[in-house]
Amino acid sequence: MVKIAPSVLSADFGILAEQVGEVSPEADWLHVDVMDAHFVPNLTVGPPVIESLRRHTELFLDCHLMMTDPGKYLEAFKHSGADGCTVHVEVGQTAELIAQMRDLDLKVGLAANPDTPFDLVAPYLDRVDLLLCMTVFPGFGGQEFMADVMAKVAMARSEIDRRGLSVELQVDGGVDEKTAPMAARAGATVFVAGTAIFHCPPSWEAARRIRHAAQAASGVERLERESGR
Ligand code: DX5
Ligand code: ZN
């Protein structure tokens, strides 16, 4: 099942609720990029904006924490109405952060930068709900999709299937209707897109095009896997 997660980073924050309303018919989740100007060289939003969003939408709020010290704020994210949080494996203390998210009853996500090997996240696969393979270096919207990351996505897909896990496999960065099929063929299930959705009005139509492109490719991928190719 393909899930589309529009990234509000590329939306107009002055009319955020309106922009979310417009994309909602074609959105499964909403992706919220939290940047701390330390783990990444950019600064965005935190719990107050998530709290405001929560009042305007029932969509699953998928909070991508690009932060050096996410543990300090997980409780605040939970209380602001986040449904899931994703922390980066590069910040360390992964087992503790996963346990903290579970205790708070948040869906647990683990992210890996494009140059972080699969081996670093593999030991946590049975403890997470989502694995995010970044397809750009985090920090900014509008960057180019890194197709090389598809080898890691395919590796993650085969390991998830081999172990019979039900971990969502997310890609984020440069995802559009041309690149989503590559990720779908590699086995991704959740497609984050900012620029390709909010800069291409009407946003719901752009999201629908990405969904259809990904669905068509993931159908092919499933058939190929089932026939042992
Ligand atoms: C990048 C963020 C992404 C970003 C993607 O650091 O994690 O979620 O919004 O934006 P696009 O789709 O424009 O590459
Ligand atoms: Zn993101």
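Throughout, read-outs are computed from the coordinates displayed, never taken from laboratory work. The shown structure was predicted, so the numbers you read here are calculated from the model rather than taken from an experiment. Here Cβ is always computed from backbone atoms with ideal geometry, including for glycine, and neighbour counts include all displayed protein chains.
Among Arg163, Arg185, Arg208, the largest mean-square fluctuation in a Gaussian network model of the chain, built with springs joining Cα atoms closer than 10 Å, belongs to Arg163. Projected onto the charge dipole of segment 3-227 (+1 at Lys/Arg Cβ, -1 at Asp/Glu Cβ, origin at the Cα centre), which of Leu125, Pro70, Asn42 gives the Cα projection farthest towards the positive end? The listed residue farthest towards the positive side: Leu125.
Rg over Rh of the chain, using C-alpha atoms and the Kirkwood radius, what does it come to?
Working: Rg = 16.3 Å, Rh = 17.4 Å.
That ratio is 0.94, to two decimals.
Under the Kirkwood approximation for Rh and a Cα-based Rg, what ratio Rg/Rh is obtained for segment 10-146?
My calculation puts Rg/Rh at 0.95.
Projecting the Cα atoms of Pro114, Ala99, Gly21 onto the charge dipole of segment 4-147, computed from C-beta unit charges around the Cα centre, puts Ala99 farthest toward the positive end.
Projecting the Cα positions of Met182, Pro138, Gly194 onto the charge dipole of the chain (unit charges on Cβ atoms of Lys, Arg, Asp and Glu, taken about the Cα centre) puts Met182 furthest along the positive direction. When the Cα convex hull of segment 98-229 is projected onto planes of every orientation, the mean area is 8.5 nm². Counted as membrane-span-like here are DSSP H helices of the chain whose alpha-carbon atoms extend 27 Å or more along the helix's own axis and whose Kyte-Doolittle mean is -1.0 or above; these are 203-226.
Principal axis extents of the C-alpha atoms in segment 86-158 (largest first, rounded to whole Å): 36, 28, 18.
Beta bridges from DSSP with both residues in the chain: antiparallel share about 5 percent, rounded to the nearest 5. Placing +1 on the Cβ of every Lys and Arg and -1 on the Cβ of every Asp and Glu, with no other charges, gives the chain a dipole of roughly 520 debye about its Cα centre. Only aspartates and glutamates eight or more places from Lys72 in sequence, or on another chain, were considered; those with a Cα closer than 19 Å are Asp33, Asp36, Glu51, Asp62, Asp83, Glu90, Glu96, Asp103, Asp105. Spin-label pair Asp148-Glu75: with each label point 7 Å from Cα along the Cα-Cβ axis, the two points sit 4.2 nm from one another. In a Gaussian network model over the chain where Cα atoms closer than 10 Å are linked, find which of Asp176, Asp119, Asp83 has the largest mean-square fluctuation. Result for the chain, Cα springs under 10 Å: Asp119 fluctuates most.
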